[in-house]
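Reading through the structure tokens given below for one structure.
All of the numbers you see were taken from the coordinates with simple rules; none came from a lab. Since the structure is predicted, the reported quantities are computational estimates derived from the model, not experimental observations. Note that each Cβ is placed from the backbone with ideal geometry, even for glycine, and that neighbours are counted across all protein chains shown.
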Amino acid sequence: MSQAVQDFLTCRRLAVIGVSRARRKYGNYAYRELKARGLNVVPVHPDLPSVDGDTCVPSLERLPTPVDGLLVCVRPDKVPAILRQAAAVGIRRIWLQQGAESADATTTATELGLSVAQGACILMHAPPVRSIHRLHRGLARVFGRLGTTG
């Protein structure tokens, strides 16, 4: 397991960018699952008032209290700007969910000195690992790919 993954897993308060009006989108699923696992999660969306009854924060700059890390579940073309916003407010630990990764994101993260976990699903790592994610984690161990850094 990479150092970036290990560092991210120490986070107890997370912002999640990628929640949406579509309940079945992965950002919403990850938000609910991380919350169910006991993490303090804050949904971030520029114009969505709430998700699952929790008030959304419109931007990282408007977080009411600091967070330890940021889970990013958006299209890759949006990620470099999000990383710059995260760095500006002092968020150093980032998890780029599969599908959010890009060469531009990796370059931006490196330039900003961010710790970035990528290449794996957060739910394969955030304890307790359950259901299908436990199987995926086991397969990843067998095939030698359990999270990388950017």
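Full extension from Asp54 to Val129: what is 0.36 nm times the residue separation minus their Cα-Cα distance, to one decimal in nm? Walk me through the numbers on the way to the answer.
Numbers: separation 75, 0.36 × 75 = 27.00 nm, distance 2.38 nm.
Working it through step by step, the gained length comes to 24.6 nm.
For Glu111 and Ala81 in the same chain, what is the full-extension length gain: residue separation times 0.36 nm, less their Cα-Cα distance, in nm? Let's see the in-between values first.
Values: separation 30, 0.36 × 30 = 10.80 nm, distance 1.27 nm.
Contour length minus the Cα-Cα distance gives 9.5 nm.
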Report the normalised scattering of segment 1-40 as log10 I(q)/I(0) at q = 0.28, 0.31 Å⁻¹, calculated by the Debye formula with identical scatterers on the alpha carbons.
-0.95, -1.02
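If we count other beta carbons within 10 Å of each Cβ, what is the order of Cys56, Cys11, fewest first? Working shown, then result.
Values: Cys56 17, Cys11 20.
So the ranking, lowest neighbour count to highest, is Cys56, Cys11.
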If you plug each phi of segment 64-74 into the Karplus form 6.51 cos²θ - 1.76 cosθ + 1.60 with θ = phi - 60°, what whole-Hz ³J(HN,Hα) values come out, in order, with x for Gly and Pro?
x, 9, x, 10, 8, x, 10, 9, 10, 10, 10
Taking 7 Å along the Cα-to-C-beta vector as the label spot, tell me the Arg24-Ala103 distance in nanometres, rounded to one decimal.
3.4
Of Val116, Val129, Ala86, which is farthest along the charge dipole of segment 3-149 in the positive direction, counting Lys and Arg as +1 and Asp and Glu as -1 at C-beta?
Val129
In order over segment 77-89: 3J(HN,Hα) from phi, Karplus 6.51/-1.76/1.60, θ = phi - 60°, whole Hz, x for each Gly or Pro, gives 5, 8, 5, x, 5, 5, 5, 5, 5, 4, 4, 5, 9
List the pair-distance distribution P(r) of the chain, using every Cα-Cα distance, as the percent of pairs falling in each 10 Å bin from 0 up to the bin containing the longest distance, rounded to whole percents.
12, 45, 36, 7, 0
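Please report, in debye to the nearest 20, how large the charge dipole of segment 42-84 is about its Cα centre when each Lys and Arg carries +1 at its beta carbon and each Asp and Glu carries -1 there. Display every interim value, and only then the final one.
Values: 4 positive and 6 negative charges, 41 e Å.
My answer is approximately 200 debye.
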